[in-house]
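Just below is one structure, and these are the notes that go with it.
Any read-out appearing in this document is the output of simple, stated calculations on the displayed coordinates, not a laboratory observation. What you see is a predicted model, and the numbers here were worked out from it, not measured in a lab. Reconstructed Cβ throughout: ideal geometry from the backbone, glycine too, with neighbour counts over all protein chains shown.
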Amino acid sequence: MDEVMTAADATSSRGSESTSFALSPSSNLLPNNLPLITAFLAFALAQFLKLFTNWFKERRWDSKRMLDSGGMPSSHSATVTALAVAIGLQDGTGGPAFAIAVVLACVVMYDASGVRLHAGRQAELLNQIVCEFPPEHPLSSVRPLRELLGHTPLQVCFSLHCTNS
């Protein structure tokens, strides 16, 4: 006699499998996920390289640069580019995962070199204006805005080149 499985049975059996997998201490989700590891490594490498680009530019070591956004190279661009390349190499370029990764990379790089770059430039101008206020002005003691938010198109392209090399 043939058994009939309902949609509810399928959902409940899938749900219990995914729950047991997610809670299983022996699940090796991270080590088997090459695109995720690649993205994290690209991010870490780009952040580490900021120490050297900062030294080259300002002739001083500043370990805080490893935690900051903005500057050369763009860790955001390196991360999404590495993710897209790893997905393309692992699953091929014809699948939906690669398409999502490429669109995400384009949005992140556009934002980094557009919106965030201009927000940083506006912050720089606002900080200059506030510095010119007399000491008795209520805004003269306001903490300065962060100026290094985005990336120039060159910084984004440099991140792309380093990731693909």
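Loop-resident GluC sites (Glu not before Pro) (DSSP state other than H, G, I, E or B) in region 31-132 with no more than 13 further Cβ atoms inside 10 Å of their Cβ: GLU132.
Based on the Cβ-Cβ distance of LEU51 and ALA119, what FRET efficiency does E = 1/(1 + (r/R0)^6) give at R0 = 35 Å, to the nearest 0.05?
Values: r = 24 Å, r/R0 = 0.70.
Efficiency at R0 = 35 Å is approximately 0.90.
Stretching ILE129 away from ASN33 to a fully extended chain increases their span by 29.7 nm, per 0.36 nm per residue minus the current alpha-carbon distance.
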